[in-house]
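Taken together, the values in this text are just the output of simple stated rules run on the coordinates, not laboratory data. Keep in mind that this is a model prediction, so the values were computed, not measured. Using ideal geometry, Cβ is built from the backbone for each residue, glycine included, and neighbour counts are taken over all protein chains shown.
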Amino acid sequence: MRELTFAEATREAMEEEMARDPTVFLWGEDIAKQGGVFGQFRGLAERFGLERVRDTPISEATLVGMTLGAALAGARPVFDLHFADFLGIVMDEVANQIAKIRYMSGGQLKVPLVIRAPDGAVRSAGPHHSQSLEAWVTHVPGLAVVAPSTPADAKGLLKAAIRSDDPVLFFEHKALYPRKGPVPDGEYLVPLGKARVAREGKDVTLISYSMTLWKCLEAADRLSTDGVACEVVDLRTLVPLDWDLVLDSVSRTRRAVVAHEAWRFGGFGAEVAATLTERLWDRLLAPVGRVGARGVPIPFSPPLERYVIPQTEDIVAKVREVLGERPRGASAAARLGDGGRQAPGGPQAGRGTGGEGRAPSGD
Amino acid sequence: MPRGRGEGLRRTLQKVRRRRDLATVDALGLYRTMVRIRRFEERVEQLFLAGKLPGFVHLSIGQEAVPAGVCAHLRPDDYVTSTHRGHGHALAKGTDPAAMMAELYGKRTGSCRGKGGSMHIFDARLGMLGANGIVCAGVPIAAGAALAARLLGQDRVAVAFLGDGAVARGPFHESLNLASLWKLPVVFVVEQNAFASTTRYEEAHAFASVAEFVRGYGVASHRVDGNDVEAVYRAAGDLVDRARSGEGPGLLEAVTYRLRGHYVGDPQRYRTREEVEQAQARDPVRRWREVLRSRGVPEEVLEAVEREEEERVEAAVRFAEESPLPEPEEALEDLVSDPGFAGWERTYRA
């Protein structure tokens, strides 16, 4: 199968949908002449013209309101928010208008629009250009929320989002744009609301999406060398959520870890963990683990950023925790091949004693 | 209708029409719209005070000339966005008073099946894209509808009704800039009713005239006595025609006065009774009635209009009273449209 980057895959989705449906429009800052900050819109203005692919001024609140107005008036607009962090600027339009207008109207109106929101931390973009804010919008009923991890899914989901008659918030992790992956030839859609099993396993289910999915796969690789078989579930769409697949996986593995780059506290993982606990209490062998960013803004300096954002080793550590194989003694730590991060002070140290906060060399 | 009386009225009207430039049918149509809004809202006020209506209501009594004069120029497929004080805009656009009244009662037969209420009247078939609980939110929505109309090759226009309070918000200014930049077929109608909630216009704005201010954005504008329906009608006609013919957006500043409080029950500590009484003298409905009389429209014609509108509103109240309340579970309907999204319900209820 041919390989495309994530950015190219989304560009192809836009191009196909704009060619297919003349009511699809694309608006945003730096998208037409520049082709997007990440090259994800390159060539679209040349093909479809500066009316349909429109560079806008920095007026996000009004532009998102206009996106809604256009959707109500028979268009299928796609708005690029430039950075997900700018959700703060457009939150009234998103939460009070877009999410509610079909409901408030008693179902008279439909709202076929997509807001694309590049999110996540990459290359020290700092506190205003690094956030993962999906929990802000999953908390508001009426918004579909999509966060793909692969180029193939990005393309298929974006096409499905554009064709959806309901509003879609489409989060694209900035670190994913240059990543390559296989993308099928020809027309295909990935339906909203369907998760996928990215890796099969029997011991524990890792539930994730977007960039953190790749860290989960890496964690699964590492754990497999110790004989731990992780199942990795890529949610792909957070709302509507594919509970069937998630519940099925966790009821088989009986243990689960939810991981995302957004803040752990109040994050989407909390919703997943709470529901798993409610629904599978009798099946679970351990509390559902959660991995997410630490509770501070995403800092600038590389070591600070790396420390705040969840890393593969944090996922590995959390999996070990829910496996009940906390590093209580030398044997457990040795069997798990612990790199040390989970067991400060080394194999001999019990929890909470000695050497805290010191990452051993090699971490 | 008995043939005799109808014929008489029609002949009288034909005679009067020949004498005036604002055709008497238009003039009477404006009167009818204003009377409909006035009767509807007076009745809503009574019903609210009698405890019949849940929530709270914002009345536009005293401002009827603005929606009447503006919407007279709109086609059924033109777009309108409205405000929290939006009964008049919906009625002037043609929304069925019975469906609206039922919505105010929270009944299943309401315009929005009881999901929206007074502040959220929608009528998709008439391009009524919503009254709105957020001040200024309708302004970009109208601009977006106008942009879509143009991109889709239609000659529809969009009208955003807003109060002077919305002029203090950023999206108003962004919308004016974008509408002018992109020459959008949109008309912004500012109902300058002297108050944003309890704050006077002068206390909230650094400029005296919105119409004058927005010329800096390159937006064509008029400032008129918003209690003079003929002045509103003419100015709106100019701006709607310009917008429809591709000459770009317009703004109409209609200076009027909110005769009632911000909401029904407002203690109104921010103004005196005398001020309100003085403003009553400029009541736009009574004024237009007097103009019509002075132009030779017979009293019986005006009374017939008043009677019909009274009956229409009473029928609306009866319809609302007799309609059933929704079943509680209906609260879970209407969130999304895609039937493929059956997963939504279970997402939230897992």
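How charged is the neighbourhood of A:Glu3? Take every other residue with its Cβ under 11 Å from the Cβ of A:Glu3, and add Lys/Arg as +1 and Asp/Glu as -1.
Values: positive: A:Arg2, A:Arg179, A:Lys180; negative: A:Glu8.
Here the count lands on +2.
Below 8 Å, C-alpha to C-alpha, sequence gap of six or more: please give me the relative contact order for segment A:3-182 in percent. Write down the numbers at each step before the final one.
Working: 358 pairs, mean separation 50.5, N = 180.
Averaging sequence separation for qualifying contacts and normalising by length gives 28 percent for segment A:3-182.
May I ask which residue of B:Leu59, B:Leu22, B:Pro267 lies farthest towards the positive end of the charge dipole of chain B, with charges of +1 (Lys, Arg) and -1 (Asp, Glu) on Cβ and the Cα centre as origin?
Toward the positive end, the furthest listed residue is B:Leu22.
What number results when the radius of gyration of segment A:196-336, computed over Cα atoms, is divided by 2.2 N^0.38 Å?
For segment A:196-336, the normalised Cα radius of gyration is 1.00.
Given the options B:Pro326, B:Pro97, B:Pro284, which has the most mean-square fluctuation in a GNM of chain B, springs set between C-alpha atoms less than 10 angstrom apart?
Between B:Pro326, B:Pro97, B:Pro284, it is B:Pro326 that shows the largest mean-square fluctuation.
To the nearest µm²/s, what D does Stokes-Einstein give for chain A at 10 °C and 1.306 mPa s, using the Kirkwood radius over alpha carbon pairs as Rh?
After rounding, the answer is 75 µm²/s.
Step by step: find N for segment B:152-241, compute 2.2 N^0.38 Å, then divide the Cα radius of gyration by it. What's the final number?
Relative to the 2.2 N^0.38 Å estimate, segment B:152-241 comes out at 1.10.
Could you tell me which of A:Val94, A:Ala154, A:Leu50 has its Cα farthest along the dipole of segment A:3-182 towards the positive end, charges placed at Cβ (Lys, Arg +1; Asp, Glu -1), taken about the Cα centre?
A:Ala154
Whole-Hz Karplus ³J(HN,Hα) for segment A:165-172, in order, using 6.51 cos²θ - 1.76 cosθ + 1.60 and θ = phi - 60°, x for Gly and Pro?
These are the phi-based 3J(HN,Hα) values: 7, 10, x, 10, 8, 10, 8, 10 Hz.
Contact order normalised by length for chain A, with contacts defined as Cα pairs under 8 Å and 6 or more residues apart; what percent is it?
14 percent
What distance in nm separates the simple spin-label points at B:Lys52 and B:Arg318, each placed 7 Å from Cα in the Cβ direction?
Result: 1.3 nm between the two label points.
Distance from the Cα centre of segment B:213-239 to that of segment A:236-278, in angstrom?
56 Å
Could you pull out which residues in segment B:308-340 have an amide N less than 20 Å from a spot 7 Å beyond the Cα of B:Arg108, following the Cα-Cβ vector?
B:316-336
Below 8 Å between Cα atoms, with a sequence gap of 6+, how large is the relative contact order for chain B in percent?
Working: 635 pairs, mean separation 74.4, N = 350.
It rounds to 21 percent for chain B.
Using the Cα centre of the protein assembly as shown as origin and beta-carbon charges of +1 (Lys, Arg) and -1 (Asp, Glu), tell me which of B:Thr109, A:Pro297, A:Trp243 is placed farthest towards the positive end of the dipole.
Checking the options against the dipole of the protein assembly as shown, the answer is B:Thr109.
Less than 15 Å from a label point 7 Å out along the Cα-to-Cβ axis of B:Glu330: which backbone N atoms in segment A:94-108 qualify, by residue?
Counting only backbone N, you get A:103-108.
Applying the Karplus parametrisation 6.51 cos²θ - 1.76 cosθ + 1.60 with θ = phi - 60° to the phi angles of segment B:290-298, what ³J(HN,Hα) value in whole Hz is obtained for each residue in order, glycine and proline being reported as x?
For segment B:290-298, the Karplus curve yields 5, 4, 4, 4, 5, 8, x, 6, x Hz.
For chain B, just list the percent of Cα-Cα distances falling in each 20 Å bin from zero outward, please.
Cα pair-distance distribution for chain B, in percent: 29, 57, 13, 0.
Per-residue Cβ counts within 10 Å, from other chains only, averaged over B:145-156: what number is that?
6
How large is the charge dipole for segment B:257-350, taken about the Cα centre, if only the Cβ atoms of Lys, Arg (+1) and Asp, Glu (-1) carry charge, to the nearest 20 debye? Working shown, then result.
Working: 16 positive and 24 negative charges, 169 e Å.
Dipole about the Cα centre, nearest 20: 820 debye.
Just from its helices, what would the mean residue ellipticity at 222 nm be for chain A, if runs of 4 or more DSSP H residues each count -39500 (n - 2.57) and the sum is divided by every residue, rounded to the nearest 500 deg cm²/dmol?
Working: 13 runs with 128 residues, N = 363.
Mean residue ellipticity at 222 nm (helix-derived): -10500 deg cm²/dmol.
Using Cα springs under 10 Å in a Gaussian network model of chain A, which residue among A:Leu304, A:Leu50, A:Leu238 shows the largest mean-square fluctuation?
Between A:Leu304, A:Leu50, A:Leu238, it is A:Leu304 that shows the largest mean-square fluctuation.
Of the candidates A:Val296, A:Val90, A:Val197, which one comes out as most mobile in a Gaussian network treatment of chain A with C-alpha springs shorter than 10 Å?
Of the options given, A:Val296 has the highest mean-square fluctuation.
For the protein assembly as shown, what is the convex hull (Cα atoms) projected area averaged across all directions, in square nanometres?
36.1 nm²
For every helix of n ≥ 4 consecutive DSSP H residues, a contribution of -39,500 (n - 2.57) applies; sum these over chain B, divide by its total residues, and give [θ] at 222 nm rounded to the nearest 500 deg cm²/dmol.
About -14500 deg cm²/dmol.
How many nm separate the modelled label positions at B:Tyr348 and A:Glu15, each set 7 Å beyond the Cα in the direction of the Cβ?
If labels sit at B:Tyr348 and A:Glu15, their model points lie 3.9 nm apart.
To the nearest 0.05, what FRET efficiency results for A:Trp281 and A:Leu304 with a Förster distance of 45 Å applied to their C-beta separation?
It comes out at approximately 0.70.
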